[in-house]
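**Student:** One structure follows; several queries about it will come next.
The values are calculated or read from the model by the stated rules, or taken from the named source; none is laboratory data. Being a predicted model, the structure only gives us computed values, none of them experimental. Using ideal geometry, Cβ is built from the backbone for each residue, glycine included, and neighbour counts are taken over all protein chains shown.
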Amino acid sequence: MLKHLLRFAKLIEFLTLKRARVYALLTSIIAASVVLSFAIESPQRLTGATDFPAFYNAGKILNEHSSQHLYDRDLQRQLYVNLAPDAASRRNLYFAYSPFFALIFSPFAMLPYTAAFVCWTLVSLTLFTVGFFLVWKAEALPPRDRTDAFLVAVAFLPFFTWCLTTGQTSAFGFFWLALAIYFDRNVRPFQSGCALAILLYKPTLLVLILPMLVITKRWRTILGFSVAALGLGLISLLLIGANGIVPYVRMLEAFSEDKASGRHPNWADIDIFSFFLPLVGGHSTAARLLTLIVAMIVVPFLYLVWRRRPEVGWATAIIWTLVLNFYVLIYDVTFIVLAVLLTAAFYIANRHRLPLGLRWFMLVLFLVPWIETNLALRYGFHPMTLVIVGFGCYQLYQVSNNVALTNTST
């Protein structure tokens, strides 16, 4: 039996990076063709089936209304109705990100909507590309594999479909996190912290990264983060003013209440709370309790790994941030590309090749998003959450095992 399992595991050897590049290109071309045909046949899908109107309207409020009304739910609602009346009859779409982030979309809102959407898509692709190559360079990964790996990463469904073609913002955060890692690897901790602070546009992305900085004693990174965070806070305050604080807080409270109560539709969410919620019949208290139990099991292992191997702090924090959370959606899984690159670099540095287990996880991570939303919509089951948890556990085990082997050999 074991012999057969080993033979099966070695089948992954057939899927070389160059073969994966071909499959990735084919899937990208097919997906792009489908999206383009939809856009041509039904132009209203650019507003009704995407998330970009929320960001476009935020920029429009700054340009044409008072910035203090940035979080006016009625104004945001009216602008969405004007832009996508058919879609607005079925759903609400609000801008609930940090105030300074709205400034990014002010120039885009000066353009007609379609032109703005296309420009944002190109900017997102550029940010993802630069971020990918920054981390590849920082980790000294093999140059011969760079292009093939990049093509596979671009074809990763959470990025290509859920981020790029819907006008979402994960590529923005991807770039700044990649830049923070790049500065960290090049021993420029203050700059790393400054870059990391930009992730305050969506604070849930920092839920484990900030504790990791403390436990790994990256004090200058924390200083850079604090200085930049203070600057972003002042910019946000100057933007919305004292009168805009209460609507902003109310917007966050409304989102939190909808999520915590289970009223928020969670078919696109992949955090552990959203995973448990359908399994316990929508009882949010039970889902929160199970989330807490999982966190209590995992966090001690993260603490030990961060203390003993600070260099793997970024990868482990990224992976577990995606699941030990209360508000992470499928497009945010784009960040796991960085964790995969960092994990691959760790193995190459210690073993000079990728183990079969990691290669299988990379394949499953690539394939599961194709069935994720369908299963979530039909059965309330989120396979992507389980895969990320499995990947995180595998990584913690392998790193801990590497530490034990290192201690034994010394």
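Rundown of residues vs (1) loosely packed, with under 15 Cβ neighbours inside 10 Å; (2) out of contact with any Lys or Arg (no Cβ under 6 Å at 6 or more places or on another chain); (3) in a helix (DSSP H, G or I), yes/no style:
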| residue | (1), (2), (3) |
| --- | --- |
| Leu75 | no, yes, yes |
| Gln78 | yes, yes, yes |
| Asn82 | yes, yes, yes |
| Leu93 | no, yes, no |
| Thr121 | no, yes, yes |
| Thr166 | no, yes, no |
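Conditions tested, residue by residue: (1) outside the structural domain of Leu83 (by TED's automatic domain parsing); (2) aromatic (Phe, Trp, Tyr); (3) at pLDDT 70 or above.
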{"position": "Phe8", "(1), (2), (3)": "yes, yes, no"}
{"position": "Glu13", "(1), (2), (3)": "yes, no, no"}
{"position": "Tyr23", "(1), (2), (3)": "yes, yes, yes"}
{"position": "Ala32", "(1), (2), (3)": "yes, no, yes"}
{"position": "Ser37", "(1), (2), (3)": "yes, no, no"}
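**Student:** Tell me, yes or no, whether the range 257-273 has at least one residue that is surrounded by 15 or more Cβ atoms within 10 Å (Cβ to Cβ) and touching a Gly at 6+ places or on another chain (Cβ under 6 Å).
**Tutor:** Yes, some residue in the range 257-273 is surrounded by 15 or more Cβ atoms within 10 Å (Cβ to Cβ) and touching a Gly at 6+ places or on another chain (Cβ under 6 Å).
**Student:** Let me ask another. Among the residues that make up the range 134-142, is at least one of them without any contact (Cβ under 8 Å) to a residue 24 or more places away in the chain, surrounded by fewer than 20 Cβ atoms within 10 Å (Cβ to Cβ) and more than 15 Å from the chain's Cα centre (by Cα)?
**Tutor:** Quick first cut of the range 134-142, residues without any contact (Cβ under 8 Å) to a residue 24 or more places away in the chain only: none.
No.
**Student:** Let me ask you something else. Is it true that some residue in the range 94-111 is at positive phi and not polar (S, T, N, Q)?
**Tutor:** no
**Student:** What about Leu290, is it more than 20 Å from the chain's Cα centre (by Cα), without any contact (Cβ under 8 Å) to a residue 24 or more places away in the chain and farther than 19 Å from Phe132 by Cα?
**Tutor:** Yes: the conditions hold for Leu290.
**Student:** Out of all the residues in the range 264-320, which are touching a helix residue (DSSP H, G or I) at 6+ places or on another chain (Cβ under 8 Å), of a type in the set (Ser, Thr, Tyr) and more than 29 Å from Val399 (Cα to Cα)?
**Tutor:** Scanning the range 264-320 gives a single hit, Ser284.
**Student:** Continuing with this model, one more query. Would you be able to tell me the number of residues in the range 97-119 that are surrounded by fewer than 17 Cβ atoms within 10 Å (Cβ to Cβ) and of a type in the set (Gly, Ala, Ser)?
**Tutor:** Of the range 97-119, the ones surrounded by fewer than 17 Cβ atoms within 10 Å (Cβ to Cβ) are 103, 106-107, 110-112, 114-115, 118-119.
If we keep only those that are of a type in the set (Gly, Ala, Ser) as well, we get 106, 115.
Here the count works out to 2.
**Student:** Next up: Only one of these is farther than 29 Å from Ala315 by Cβ and exposed (fewer than 14 other Cβ atoms within 10 Å of the Cβ): Val214, Val246. Name it.
**Tutor:** Values: Val214 fails: farther than 29 Å from Ala315 by Cβ.
The conditions single out Val246.
**Student:** Test Ala87 against the criterion of being touching a residue at least 12 places away in the same chain (Cβ under 8 Å), buried (at least 22 other Cβ atoms within 10 Å of the Cβ), part of a helix (DSSP H, G or I) and small (Gly, Ala, Ser), and give yes or no. Working first, answer last.
**Tutor:** On the way: touching a residue at least 12 places away in the same chain (Cβ under 8 Å): yes; buried (at least 22 other Cβ atoms within 10 Å of the Cβ): no; part of a helix (DSSP H, G or I): yes; small (Gly, Ala, Ser): yes.
The answer is no for Ala87.
**Student:** Related question: Considering the range 387-402 alone, what residues qualify as being buried (at least 16 other Cβ atoms within 10 Å of the Cβ) and either within 22 Å of Leu324 (Cβ to Cβ) or at pLDDT 90 or above (or both)? Write out each step before concluding.
**Tutor:** So in the range 387-402, the residues buried (at least 16 other Cβ atoms within 10 Å of the Cβ) come out as 387-389, 391-392, 394-396, 398-399, 402.
The answer is Val387, Ile388, Val389, Phe391, Gly392, Tyr394, Gln395, Leu396, Gln398, Val399.
**Student:** Which one of the conditions (1) within 19 Å of Cys163 (Cβ to Cβ); (2) surrounded by 17 or more Cβ atoms within 10 Å (Cβ to Cβ); (3) more than 22 Å from the chain's Cα centre (by Cα) does Phe55 fail to meet, given that it meets all the rest?
**Tutor:** Among (1) within 19 Å of Cys163 (Cβ to Cβ); (2) surrounded by 17 or more Cβ atoms within 10 Å (Cβ to Cβ); (3) more than 22 Å from the chain's Cα centre (by Cα), Phe55 violates only (3).
Residue-by-condition table, conditions (1) aliphatic (A, V, I, L, M); (2) farther than 27 Å from Thr27 by Cβ; (3) in the same structural domain as Ala54 (by TED's automatic domain parsing):
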| residue | (1), (2), (3) |
| --- | --- |
| Arg91 | no, yes, yes |
| Tyr94 | no, yes, yes |
| Phe108 | no, yes, yes |
| Phe133 | no, no, yes |
| Ala149 | yes, no, yes |
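So that you can scan it fast, the table gives a plain yes or no per residue for (1) aliphatic (A, V, I, L, M); (2) part of a helix (DSSP H, G or I); (3) on the phi > 0 side of the Ramachandran plot:
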{"site": "Ile318", "(1), (2), (3)": "yes, yes, no"}
{"site": "Tyr327", "(1), (2), (3)": "no, no, no"}
{"site": "Asp332", "(1), (2), (3)": "no, yes, no"}
{"site": "Phe335", "(1), (2), (3)": "no, yes, no"}
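**Student:** Separate question: Thr126 - would you say it is assigned to a helix (DSSP H, G or I), under 18 Å from the mean Cα position of the chain (by Cα), surrounded by fewer than 22 Cβ atoms within 10 Å (Cβ to Cβ) and not charged (D, E, K, R)?
**Tutor:** Working: assigned to a helix (DSSP H, G or I): yes; under 18 Å from the mean Cα position of the chain (by Cα): yes; surrounded by fewer than 22 Cβ atoms within 10 Å (Cβ to Cβ): yes; not charged (D, E, K, R): yes.
Answer is yes for this residue.
**Student:** If I filter the range 341-353 down to residues being within 24 Å of the chain's Cα centre (by Cα) and at pLDDT below 95, which single residue comes out as nearest to Ile318 (Cα to Cα)? Show your work before the answer.
**Tutor:** Here is the first cut: in the range 341-353, the ones within 24 Å of the chain's Cα centre (by Cα) are 341-347.
From what is left, the residues that are at pLDDT below 95 are 343-347.
Numbers: Thr343: 11, Ala344: 14, Ala345: 15, Phe346: 15, Tyr347: 17 Å.
Ranking the candidates gives Thr343 first.
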